[in-house]
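Below you'll find the structure, written out as structure tokens, and then a few comments.
The values are calculated or read from the model by the stated rules, or taken from the named source; none is laboratory data. Model, not experiment: these values are computed from the prediction. Cβ coordinates were reconstructed from backbone atoms using ideal geometry, including for glycine residues, and neighbour counts include every protein chain displayed.
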Amino acid sequence: MDVSIKINMDRYIFYKRKSSDSEDRQILSLESQDRTIKETTTGFNGFKIISDYEESKSAKAPGRPKFNEMCEKLERGLANYIICWQLNRLARNPVDGGRIIWLVQNYGVKIVTPSKTYGIDDILLMYVEFAMSNQFINDLKKSTTRGLNDKLHAGIAPIRAPIGYYNDVTKKQGLRDILVDDLRFPLVRKMWDLFLSGNYSVPRILDMATNQWGLRQRNGRPFSRTQAFRLFRNVFYTGKYEYKGEIHIGVHQPMITIDEYDKAQKILGNNGGFRLSKHTFAFNNKIIHCTCGSGVTAHERYRKVCSKCHHKYNAVINSLCPKCKTPAPEETWYGCLYHCTRKKNSKCTQPSVKLKDLEEQFDYYISSLTLPSEFIDWVLVRLRKAHEEESRSRDTININLQATLNATTRKLDNLLSKYLSEENKTGEIISDEEYKRQKWLLADQKTKMEESLKGFSKRQDDWLTIAEKALDFARTAQEKFKTASKEEKREMVLSFGLNLTLENRKLYLDLLKPFGKIKEAADRLRDPSEKIEPVQRIDTKGQTFYFDSANPIWGD
């Protein structure tokens, strides 16, 4: 050890610490500590400070880098004083507290604070103050744990709200629940709708939400690609939430159903990623499959024909004819072939089909679903009238379902009050296990009742919405398909077709309900033997038959 350092004048180390944990919520900031110590410590301006440390880290456990560095300098004799605001800035755990006491006792280190200077005669006092700091942390931990448990039992998620929701900071700590963000909630739900359709990748949905809808986080920042993938993995949107590896039932408003969440996970796959193609095709292996079981993909070709030697060549990579070097003509020939990927059957011999021929077959299917506008208008009048009559009868059912739901909610509230009561501190009235069991039973019953109530009303409206959309499709689809974009064509096909298969260049598919019935009606309308009289004389029983299977009220 360098003896010359020891006999030199006193040397000081200035140490300030502020933790981001709740332990330091009332503690001065680093800047305030610096100012207060300089203004209130006697003789501060005359101190020879060799190091000035600032640390933003909790002291409830050992392992602070700058604290350790300071102690090493003191052990080497490079300094013999510590300047700090209070002793609890140095340690809140017995390991670091013992290290400071050891330095004071064996190295002659002194600790200067605005109110007192601690030396070897103050060892006992330091033991007491460090013990009080450590006990404060232990009490805080117990209080925090109990508060978290109370929130978990109450169904309040102790997490940061995902986009579409926000944490209610207007309430006291421990009572802050998560509320719906009215501005972003409908946009995030729209993102879920697009993803569940199976027609859009996550990056595409993110681009639309950011650049077309103007979706931003509450801090004004755009949503990232990683956050978008996490969104579709987050069980929070179902009304549940994950905390410390366990799934809990929350009290926040769900955005999607469990079935929709499960469907999203299947779309995402195991790794949650997408293999993005360099090309975008209207129909791919997620829509059409080869008869051998493999998917169907497409191959585009852009060709130029040399005006001099008539050689055909790739228009994308060549600006001159590869054969005679003649400049490429303006006209470009485009071709697109759909063919089997042969992933499941490498020996598949199914031929490719031209995009033009494939679209003609889709046009044929769509034309077979076309109905006269006069007939569609008449059917819609009948359906809306039936829906009005049905709506009157559902009010009574809703009242009964709501009464049962209210009773279950009261039982949950009473159970929580009993569990958290002063009389139940030791679990004499209701144990933790019994509370969890009863809570899960009631919460599950409540969830089912809410879904039944919501689902009942939704089903009443859904059948009319489905019918209106299907009939609107039958009125305008054929014209729309001719000018639709690739994505719009894909959506149109998926709206009426199922199990699309290519075999020997011929497209086969099953029609979704109620399009199968619409096709039957369209065929009958075209059949001369089924000729329809003017609207005023239409026999309703004969013309609404194709809706009977979807809802019995639609038929006479």
Query raised in the report: So how many residues does segment 221-230 have that are in contact (Cβ under 8 Å) with a residue 60 or more places away in the chain and in a loop (DSSP other than H, G, I, E, B)?
Result: 1
Query raised in the report: Which one of these does Tyr127 not meet: (1) of a type in the set (Ser, Thr, Tyr); (2) farther than 26 Å from Ser29 by Cβ; (3) in a loop (DSSP other than H, G, I, E, B)?
Result: (3)
Query raised in the report: Given the structure, is Lys110 surrounded by fewer than 20 Cβ atoms within 10 Å (Cβ to Cβ) and over 18 Å from Ser51 (Cα atoms)?
Result: no
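Name the residues in segment 252-272 that are at pLDDT below 75 and surrounded by fewer than 11 Cβ atoms within 10 Å (Cβ to Cβ), would you?
Correct list: Gly269, Asn270, Asn271.
Within the bounds of segment 208-221, is there any residue that is under 30 Å from Lys448 (Cα atoms) and of a type in the set (Lys, Arg)?
In the first step, residues of segment 208-221 are kept if they are under 30 Å from Lys448 (Cα atoms); the result is none.
Within segment 208-221, not a single residue is under 30 Å from Lys448 (Cα atoms) and of a type in the set (Lys, Arg).
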Query raised in the report: Out of curiosity, is Ile249 over 11 Å from the mean Cα position of the chain (by Cα), surrounded by 13 or more Cβ atoms within 10 Å (Cβ to Cβ), among the hydrophobic types (A, V, I, L, M, F, W, C) and within 30 Å of Asp444 (Cβ to Cβ)?
Result: yes
Query raised in the report: Looking only at residues in segment 419-440 that are under 35 Å from the mean Cα position of the chain (by Cα) and among the basic types (Lys, Arg), which one is farthest from Val251 (Cα to Cα)?
Result: Arg437
**Report entry** Residues that are hydrophobic (A, V, I, L, M, F, W, C) and not in a loop (DSSP other than H, G, I, E, B), drawn from segment 231-256
**Finding:** Leu231, Val235, Phe236, Ile247, Ile249
Requested in this report: Quickly run through segment 36-64 and pick out the residues that are loosely packed, with under 12 Cβ neighbours inside 10 Å and either of a type in the set (Ser, Thr, Tyr) or not in a helix (DSSP H, G or I) (or both).
Outcome: Thr42, Gly43, Lys48
Report task. Name the one entry in Tyr107, Tyr127, Tyr118 that is at pLDDT below 90 and within 30 Å of Glu39 (Cβ to Cβ). Result -> Tyr127
Requested in this report: Would you be able to tell me the number of residues in segment 231-244 that are farther than 19 Å from Ala443 by Cβ and free of Cβ contacts under 8 Å to residues at least 40 places away in the same chain?
Outcome: 1
Query - Options Lys304, Lys323; residue that is farther than 30 Å from Ser346 by Cβ, touching a strand residue (DSSP E or B) at 6+ places or on another chain (Cβ under 9 Å) and assigned to a strand (DSSP E or B) - result: Lys304
Query - Candidates Gln445, Gln402, Gln361, Gln460 - the one that is at pLDDT 80 or above, of a type in the set (S, T, N, Q), surrounded by 12 or more Cβ atoms within 10 Å (Cβ to Cβ) and in a helix (DSSP H, G or I) - result: Gln361
Requested in this report: Please tell me if Asn134 is modelled with pLDDT under 90, within 29 Å of Arg89 (Cα to Cα) and surrounded by 13 or more Cβ atoms within 10 Å (Cβ to Cβ).
Outcome: yes
Query raised in the report: Could you give every pair whose Cβ atoms fall below 7 Å, whose first residue belongs to segment 202-218 and is farther than 17 Å from Ala264 by Cβ, and whose second residue is charged (D, E, K, R) and in a helix (DSSP H, G or I), counting only separations of at least 6 or pairs across chains?
Result: none
Report task. Filter segment 167-185 down to residues that are under 16 Å from Thr238 (Cα atoms) and among the aliphatic types (A, V, I, L, M) and give me whichever is modelled with the lowest pLDDT. Result -> Ile178
Query raised in the report: Hey, any hits in segment 213-220 for a residue that's among the small types (Gly, Ala, Ser), part of a loop (DSSP other than H, G, I, E, B) and not assigned by TED's automatic domain parsing to the domain that holds Val493?
Result: yes
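Being modelled with pLDDT of 85 or more, touching a strand residue (DSSP E or B) at 6+ places or on another chain (Cβ under 9 Å) and farther than 19 Å from Leu125 by Cβ is the requirement here; does Glu54 meet it?
Answer is yes for this residue.
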Requested in this report: Kindly establish whether Leu78 is part of a helix (DSSP H, G or I) and aliphatic (A, V, I, L, M).
Outcome: no
Query raised in the report: Somewhere in segment 65-82, is a residue under 21 Å from Asn134 (Cα atoms) and loosely packed, with under 15 Cβ neighbours inside 10 Å?
Result: yes
Query raised in the report: Would a scan of segment 277-284 turn up a residue that is over 13 Å from Thr341 (Cβ atoms), outside any loop (DSSP other than H, G, I, E, B) and modelled with pLDDT under 85?
Result: no
Query - Per-region count, segment 89-100, residues assigned to a helix (DSSP H, G or I) and either buried (at least 20 other Cβ atoms within 10 Å of the Cβ) or not hydrophobic (A, V, I, L, M, F, W, C) (or both) - result: 7
Query raised in the report: Within segment 1-35, can you find the residues that are surrounded by fewer than 14 Cβ atoms within 10 Å (Cβ to Cβ), at pLDDT 75 or above and hydroxyl-bearing (Ser, Thr, Tyr)?
Result: Ser29, Ser32
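One line per residue, one yes/no per condition, for (1) polar (S, T, N, Q); (2) in the same structural domain as Ser495 (by TED's automatic domain parsing); (3) out of contact with any Lys or Arg (no Cβ under 7 Å at 6 or more places or on another chain):
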{"position": "Ala315", "(1), (2), (3)": "no, no, no"}
{"position": "Thr326", "(1), (2), (3)": "yes, no, no"}
{"position": "Pro329", "(1), (2), (3)": "no, no, no"}
{"position": "Gly335", "(1), (2), (3)": "no, no, no"}
{"position": "Lys343", "(1), (2), (3)": "no, no, yes"}
{"position": "Gln350", "(1), (2), (3)": "yes, no, yes"}
{"position": "Leu355", "(1), (2), (3)": "no, no, yes"}
